[in-house]
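Asks: Could you have a look at this structure, given as structure tokens, before my questions?
The values are calculated or read from the model by the stated rules, or taken from the named source; none is laboratory data. Everything numeric in this text was worked out from a predicted model, so none of it was measured. No Cβ is skipped: glycine too gets one built from the backbone with ideal geometry, and neighbour counts run over all protein chains shown.
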Amino acid sequence: MTVKEKDKQYFGRGNPAMDLKVVKAEGSYIYGADGKEYIDFLGGAGVGNLGWGVGEIEDAIRNGERPSYIYPNFYYKPWTKLAETLAKLSPGKLKKSYRMTGGSEAVEAALEMATMYTGRKKILSIEGSYHGNTIGALSIGASKKREKFPNLLEDCLKLELPLNKEKLEQVSSLLSSKEVAAVIMEPVIINLGVVIPEEDFMAGLDQICKETGTLLIMDEAITGFGRTGKMFASEHFDIEPDILCMAKAITAGHAGMGAVITTEEIDDKVGDKIGLYSSYGWHPIAVDASLAALDYLRQHEKRLFENINQLAETFKKGISEVNFKNTSEVRIKGAAIGVDLEDEDYASTIKEKAMKKGLLMNTEGPSLLFLPNFQMTKETAFKGIDILKSCV
């Protein structure tokens, strides 16, 4: 029985598998069982910010001396060290971190914090967005999910795109009743093809939230740790989140982990009551991976962020030379690149053709999505864009 046959028989998948059996990943490349090399513009959907097989992180995982497991109610020095590191990296007054296993759990924890702190039930989010696969996360995501899951939470309000100054009147109207506990969004919406809100919108949103006592939650599961050219995408705007969700690149893809960080003011009110027990949150192996990844990111910050800016220019130039059959809108923020082709089938066809020719990418609806690692060379990026050109 082949791997594909066994996979179909035993392995559950929420989405169709891509026709690639991976045996190795190194730097900016993925290698198949047949020896074929693939340029990786997919980046593990955002987890691989530093590229694959980073020696310092691999060494921390393989050679670290650690307990097999730590019961959540014990003290563990690396937990404190990681929490302190996250507080130093995070924007504004964010200080207290809670252990999570990934992005969905972090979003659920953020929603719990917000509703407990404010005493309100309603949540405002961006229509069409994605925040995870748990019931709460699905409820604040795209409304079309209600067709599959009719029992999602009802107190979820949605704000339609575009996110511009004119939309603030609607925001003010929705929040003025003081029934909304929090607004949650990605500061740069990767899962809608890199939608970048206007600065006036973000500044106005922050002000309205403060005036109405509504918490502002930034879901930076993908945008965190450098993806958009700042350590966190919130820093592109004049805002200070009350709660921030982290995941994916927190370990540079070397282990599963998430976190939610909030202010001392919020934690003083809910911290002792909310619980947030997580059996495998911040497992010792994942903590060693995260500390090594964040240490690498900080030590090489200047070089990495310069290369992020270079990648943005490289993709801007390269994509402008691609002769798409449809009118395309290119949206770039650092190493997050979206190309809206206004046709979901067309985008999917390009993705499939590219994979056959040795280029991996993702699609979000009608958009192509590229999330290259921060160490990808200009030459590799152009090589991948040349493959893209040959697919259209």
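Asks: Give the residues of segment 369-384 that are surrounded by fewer than 20 Cβ atoms within 10 Å (Cβ to Cβ) and not polar (S, T, N, Q), sorted by residue number.
Replies: Those that are surrounded by fewer than 20 Cβ atoms within 10 Å (Cβ to Cβ) and not polar (S, T, N, Q): LYS378, GLU379, PHE382, LYS383.
Asks: Suppose the filter is under 25 Å from GLN207 (Cα atoms), over 23 Å from the mean Cα position of the chain (by Cα) and charged (D, E, K, R); does LYS148 pass it?
Replies: Considered against the rule, which asks whether it is under 25 Å from GLN207 (Cα atoms), over 23 Å from the mean Cα position of the chain (by Cα) and charged (D, E, K, R), LYS148 comes out as no.
Asks: Shifting gears a bit: Counting only residues that are over 19 Å from GLU301 (Cα atoms) and of a type in the set (D, E, K, R), how many does segment 202-258 have?
Replies: 7
Asks: State all residues of segment 262-286 that are surrounded by fewer than 24 Cβ atoms within 10 Å (Cβ to Cβ) and among the β-branched types (Val, Ile, Thr); if no residue qualifies, say none.
Replies: THR263, ILE266, VAL270, ILE274, ILE285 - these are the residues of segment 262-286 that are surrounded by fewer than 24 Cβ atoms within 10 Å (Cβ to Cβ) and among the β-branched types (Val, Ile, Thr).
Asks: If you take just the strands (runs of 3 or more DSSP E) that sit entirely in segment 54-159, which of them hold at least 1 residues that are of a type outside the set (D, E, K, R) and touching a residue at least 60 places away in the same chain (Cβ under 8 Å)?
Replies: Of the strands (runs of 3 or more DSSP E) lying wholly inside segment 54-159, those with at least 1 residues that are of a type outside the set (D, E, K, R) and touching a residue at least 60 places away in the same chain (Cβ under 8 Å) span 94-100, 122-126.
Asks: Looking only at segment 333-368, filter to residues that are over 23 Å from the mean Cα position of the chain (by Cα) and of a type in the set (Gly, Ala, Ser); which one of those is surrounded by the most Cβ atoms within 10 Å (Cβ to Cβ)?
Replies: ALA354
Asks: Now for a separate question. Quick one: which helices (runs of 4 or more DSSP H) lie wholly within segment 280-392 and hold at least 1 residues that are farther than 30 Å from ALA106 by Cα and free of Cβ contacts under 8 Å to residues at least 24 places away in the same chain?
Replies: 301-320, 344-356, 378-390
Asks: Identify the single condition in (1) assigned by TED's automatic domain parsing to the domain that holds LYS357; (2) touching a strand residue (DSSP E or B) at 6+ places or on another chain (Cβ under 8 Å); (3) of a type outside the set (Phe, Trp, Tyr) that GLY14 does not satisfy, given that it satisfies every other one.
Replies: Going through the list (1) assigned by TED's automatic domain parsing to the domain that holds LYS357; (2) touching a strand residue (DSSP E or B) at 6+ places or on another chain (Cβ under 8 Å); (3) of a type outside the set (Phe, Trp, Tyr), GLY14 breaks only (2).
Every residue, every condition in (1) not basic (Lys, Arg); (2) not in a strand (DSSP E or B), yes or no:
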residue: GLU169; (1), (2): yes, yes
residue: VAL183; (1), (2): yes, no
residue: PRO187; (1), (2): yes, yes
residue: PHE201; (1), (2): yes, yes
residue: LYS210; (1), (2): no, yes
residue: ILE217; (1), (2): yes, no
residue: GLY226; (1), (2): yes, yes
residue: GLU235; (1), (2): yes, yes
residue: VAL260; (1), (2): yes, no
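Asks: If you don't mind, another one. Only residues in segment 217-246 that are at positive phi and in the same structural domain as ILE337 (by TED's automatic domain parsing) count as the first member; pair them with residues that are among the hydroxyl-bearing types (Ser, Thr, Tyr) and in a loop (DSSP other than H, G, I, E, B), Cβ under 8 angstrom, at least 6 apart or cross-chain, and list the lot.
Replies: Close Cβ pairs satisfying both conditions: none exist.
Asks: Determine which member of the set ASP200, ASP219, ASP155, ASP238 is of a type in the set (Asp, Glu) and crowded, with 21+ Cβ neighbours inside 10 Å.
Replies: ASP219
Asks: So, one more: Scan segment 90-113 and give yes if some residue there is in contact with a His (Cβ under 7 Å, 6 or more places away or on another chain) and either of a type in the set (A, V, I, L, M, F, W, C) or in the same structural domain as THR228 (by TED's automatic domain parsing) (or both), otherwise no.
Replies: Yes, the conditions are met somewhere in segment 90-113.
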